[in-house]
Amino acid sequence: MQAKPIPVPDELTRPFWEAAREHRLVVQRCIACGYYNHPPRSACDACLAQQLRFEQVSGQGRIYSFTVMHQRDVPGFEAEAPFINIVVELNEQPMLLMVSNLPFSERERVRIGTPVKVDFEERGEIVVPQFRILDP
Amino acid sequence: MSSTRGRTAIVGIGYSEITRRSEKPLGLLAVAACRAAIDDAGLDPSQIDGLTTYPESPFAGAGNRDGIDVVSVMYIVNHLPLAADIRWYAQIETGMIASPIIEAANALIAGACEYVLVWRAMHRPEGRPRVGTSGAPRAPGEAQFMAPWGCTSIVQWHALAWQRYMHRYGATREALAALAVNSRRNANLNPRAFFYTQPMTRDDYFNSRWIAEPLCLYDCDVPVDGCVALVMTTAERARDLKNPPAYIAGWGQNTAPRRTLLHYALDDYMECGGSLARKLWRSAGLGPADMDAAELYDGFNPSTLYWLEAAGFCRQGEACIFVHDGRIALEGELPVNTFGGSLSEGRLHGMGHIAEAVRQVTHRAEQRQIKDAEAVCAIDGSPMLRGSGIVVTSSP
Ligand SMILES: [Zn+2]
């Protein structure tokens, strides 16, 4: 069985992964116009400014969509299938989307619009942000 | 209506064998399809002086060895004796297979060449590529925001978009079942289709296994090894050839800026698909109501629904209702994917759709022929991602 894929941070993305190691969720934001860019860009998607910095965000959002993958052909996830992927729309900005997993035990609770909050999964040499359903 | 309307035509169609996995390398399948298309047009290979293709691998990371995974312009130049001096070629990397057809039409109108060969060769690779051989796979670049969560398969991205569509419009899987069963029924009348001899019922659809919920096996096209080729020329030259010409009335490509840059975000589909449709209808001088059939891309089943709305065949959010009550059947008011689509003919990446549009307007569609068909559109791609399309007509 293969281990789950390890991200290879580059000069654009290193702050994201370093913050995750400290259990903080940061998103690249444009200093000029305030737009959040994710994945990080070399110039702002909204205004093309190059003055960008990483800011900590609330880590809260809602489930934008979800799927349950049954095929055992996703690298590192062969043994895990079926497994849940959600896309989270962060509260900070419309269509500011991040991919996450949910534990399979949440299968009956996963719905579009459900509030979620970031958590952090230790995975050997890295830490991966993972969103979890926010209990009322 | 534009000055390009009816000035070029598709005059030959060639299919290689279409099988799950061919003993022949892809390059030889492409040569066979090209020879068949030239022969169908009643031309000699030495008359072909233009070449174009869309040589994309079936999925990212699937390899791009020429003649094995893809078939480039240079592969055909090296393996098929054509005109001594090829006057024009283009290898298109955006849009989909209608995009090289659009470029070929422009080249013919400009007088850059006389007879163009267009092909799309599709290979079904063995399994999924592995990133590295031991230890954890590495995820560089944009993959670092998808692969660590196992969200790297195109079918997962389509499932995310379709889940969102169902949520937004209250659609159910019944719409996809109706499309899949309609396509299979048409494929049972298409001797080239992978599923020619296998019927499928609504129950078969609902009993099939999940791939990525809410998409099941029959929402995914059937991967095949094969190639389809076409011959194009000017309207003047087309009149002297053996087949009735399928005149190219108009075309369009997706050009709207995408807000999200993410394949799976449904939200852009009307805007991006609409950017194609507006140009398509304006250049053709025709509209959705003039179409005798619509061949709409179905690499994954929901894309057909999105195109029905984005191209204006029905209103936004209503395709899931439109596809019922026999409306999209061969004898219905708008026959859709009359050859079986990629779902049931095989994954030819849009070329099957174009070949069928040509057959219908030239009245060469065998048992599937729509009576007096005069205008048919073929649109490739998924509207929120990319796409290109053409309208073909039986008169210029
Ligand atoms: Zn900005």
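The values are calculated or read from the model by the stated rules, or taken from the named source; none is laboratory data. Being a predicted model, the structure only gives us computed values, none of them experimental. Quick reminder, even Gly has a Cβ in these numbers, built from the backbone with ideal geometry, and neighbours come from all protein chains shown. Surface accessibility is based on the protein's heavy atoms, side chains included, excluding ligands, DNA and RNA. Shrake-Rupley method; radii C 1.70, N 1.55, O 1.52, S 1.80 Å.
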Filter pass, B:Ser183 being among the small types (Gly, Ala, Ser) and more than 30 Å from A:Arg123 (Cβ to Cβ): yes
Test for A:Phe104: is it open to solvent by 40 Å² or more (accessible area, probe 1.4 Å) and within 16 Å of the ligand (Cβ to nearest atom): no
All positions within segment B:186-211 that are basic (Lys, Arg) and more than 19 Å from the chain's Cα centre (by Cα): B:Arg202, B:Arg209
Only one of B:Pro148, B:Pro125, B:Pro214 that is under 30 Å from B:Ile328 (Cβ atoms), open to solvent by less than 40 Å² (accessible area, probe 1.4 Å) and either within 14 Å of chain A (Cβ to nearest Cβ) or in contact with a Cys (Cβ under 7 Å, 6 or more places away or on another chain) (or both): B:Pro214
Among (1) open to solvent by 30 Å² or more (accessible area, probe 1.4 Å); (2) at pLDDT below 95, the one test that B:Leu348 misses: (1)
Residue satisfying all of: in segment A:21-68; open to solvent by 60 Å² or more (accessible area, probe 1.4 Å) and of a type in the set (Ser, Thr, Tyr); nearest to the ligand (Cβ to nearest atom) among these: A:Tyr35
Output for segment B:31-50, where each listed residue is in a helix (DSSP H, G or I), of a type in the set (D, E, K, R) and crowded, with 19+ Cβ neighbours inside 10 Å: B:Asp40
Odd one out for A:Val27 among (1) in a loop (DSSP other than H, G, I, E, B); (2) more than 10 Å from chain B (Cβ to nearest Cβ): (1)
Qualifying residue in segment A:77-92 (condition: under 24 Å from B:Ile154 (Cα atoms), within 13 Å of chain B (Cβ to nearest Cβ) and among the small types (Gly, Ala, Ser)): yes
Test for B:Asn186: is it of a type in the set (S, T, N, Q), open to solvent by less than 30 Å² (accessible area, probe 1.4 Å) and in a loop (DSSP other than H, G, I, E, B): no
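A quick yes/no check of all residues on (1) of a type in the set (S, T, N, Q); (2) closer than 22 Å to B:Glu309 by Cβ:
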residue: B:Asn337; (1), (2): yes, yes
residue: B:Gln369; (1), (2): yes, no
residue: B:Ile379; (1), (2): no, yes
residue: B:Ser382; (1), (2): yes, yes
residue: B:Gly387; (1), (2): no, yes
Residue match in segment A:76-85 (condition: over 13 Å from the mean Cα position of the chain (by Cα), open to solvent by 40 Å² or more (accessible area, probe 1.4 Å), within 15 Å of the ligand (Cβ to nearest atom) and in contact (Cβ under 8 Å) with a residue 40 or more places away in the chain): no
Residue check for B:Asn64: without any contact (Cβ under 8 Å) to a residue 12 or more places away in the chain, not in a helix (DSSP H, G or I) and not charged (D, E, K, R): yes
Flag for B:Val155 being in contact with a Lys or Arg (Cβ under 6 Å, 6 or more places away or on another chain) and either on the phi < 0 side of the Ramachandran plot or of a type outside the set (Gly, Ala, Ser) (or both): no
Scope segment B:292-340; condition buried (at least 24 other Cβ atoms within 10 Å of the Cβ) and under 18 Å from B:Gln360 (Cα atoms); matching residues: B:Ala293, B:Ala294, B:Glu295, B:Leu296, B:Tyr297, B:Ile328, B:Val336, B:Asn337, B:Thr338, B:Phe339, B:Gly340
Residue selected from segment A:8-20 under the condition under 15 Å from the mean Cα position of the chain (by Cα) and open to solvent by 70 Å² or more (accessible area, probe 1.4 Å), by the criterion nearest to the ligand (Cβ to nearest atom): A:Arg14
Top-ranked residue of segment B:201-211 - restricted to ones that are in contact (Cβ under 8 Å) with a residue 24 or more places away in the chain and either more than 11 Å from chain A (Cβ to nearest Cβ) or open to solvent by 80 Å² or more (accessible area, probe 1.4 Å) (or both), ranked as farthest from B:Val181 (Cα to Cα): B:Phe206
Filter result for A:Pro82 (at pLDDT below 95 and out of contact with any helix residue (DSSP H, G or I) (no Cβ under 6 Å at 6 or more places or on another chain)): no
Enumerated helices (runs of 4 or more DSSP H) restricted to segment B:234-330, each holding at least 2 residues that are within 14 Å of another protein chain (Cβ to nearest Cβ) and in contact with a helix residue (DSSP H, G or I) (Cβ under 9 Å, 6 or more places away or on another chain): B:269-284
Where B:Leu28 falls short, out of the listed (1) assigned to a strand (DSSP E or B); (2) more than 18 Å from the chain's Cα centre (by Cα): (1)
